[in-house]
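Notes for the one structure printed next.
Nothing in this text is a laboratory measurement; each read-out follows from the coordinates by a stated rule. What you see is a predicted model, and the numbers here were worked out from it, not measured in a lab. A quick note on method: Cβ atoms are made from the backbone with ideal geometry, for glycine too, and the neighbour counts reach across all protein chains shown.
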Amino acid sequence: MIFFSFSVIKQLQIIHYFKNIFKYVKKNGFEAVFSKTQPKIYLKNSRNLFAILMNSYVVIIFSTFILIAFAPVIFEEVVFIFNWFNGIVIETEYNEVVEVIDGLATILVGYGVVLEERETILKLSGKVWEEQRAKTEDYLSEQAHLFGMGLLIFGLLLEIITQAIKLPHRILDTSHYDGYLMVICLIFTSVSLFLLFQMTIRFIIALPFFRFKFEKTH
């Protein structure tokens, strides 16, 4: 009974967070216009798009999506390492895992760069917050910068390893070291996702403080 009540409360909190996102987007970002000919959705102010993209709710949702989508990669890496050290290697499965890791690396690099520049991107929106909200935003931008740098570094390291694996054997033959390279990938992947998870938790913890209105600067 207690677990059921806790689950219901959590679901209501999640619904509340999503409602806040939609309210913010409706108020500051997009506006729908309906006519007899064709409905249109357009930006009230193109600069508001920057504020929406770097809004804490959006960062949390996107980060959570990355965590959920790529967490199984760790399991695939562990399975390959176990099989490789036991003399079992399936080339097609190995290539698939490498491609997925390469895709994750690309996302980490791009996302890391964006997070690093969260403060700058928010300034482009031309909006400021009240003093207490501003302190929270400064803290989150600082955290985003630090964790974004970590994601960028480990994403680049993963890129280097996967590109080395993809090189033709006549240039660089890594077939005898695939297991060891996958161990390194496992470490970098685990650290990257842990950093992303830690950053997401810090953004979530800060959500209760997001009850202040934006004030437009002139």
Next item on the list: Could you tell me which of Leu151, Val89, Phe75 has its Cα farthest along the dipole of region 46-216 towards the positive end, charges placed at Cβ (Lys, Arg +1; Asp, Glu -1), taken about the Cα centre?
Entry: Leu151
Check: What is the extension gain from Phe65 to Glu96, computed as 0.36 nm multiplied by their sequence separation minus the C-alpha to C-alpha distance, in nm to one decimal?
Finding: 9.1 nm
Note to self: So if each residue of separation counts as 0.36 nm, and I subtract the Cα-Cα distance between Met149 and Lys135, what length gain in nm does that give?
What the structure shows: 2.9 nm
Margin query: About the Cα centre, and with charges only on the beta carbon of Lys, Arg (+1) and Asp, Glu (-1), how big is the dipole of region 46-216? Nearest 20 debye, please.
Written below: 880 debye
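Work out how much length Ile74 to Glu119 would gain on full extension: take 0.36 nm times their residue separation and subtract the Cα-Cα distance, in nm to one decimal.
Numbers: separation 45, 0.36 × 45 = 16.20 nm, distance 3.16 nm.
Taking Ile74 through Glu119 to full extension adds about 13.0 nm, to one decimal.
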Next item on the list: Please report how far the C-alpha centroid of region 76-108 lies from that of region 151-193, rounded to the nearest whole angstrom.
Entry: 10 Å
Notebook entry, point to check: Residues with beta-carbon under 13 Å from that of Val79, excluding Val79: net charge, scoring Lys, Arg +1 and Asp, Glu -1?
Noted result: -4
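If we sort 115-123, 89-97 on the protection proxy, mean other Cβ atoms within 10 Å, highest first, what's the order?
So the order, starting with the most tightly packed, is 115-123, 89-97.
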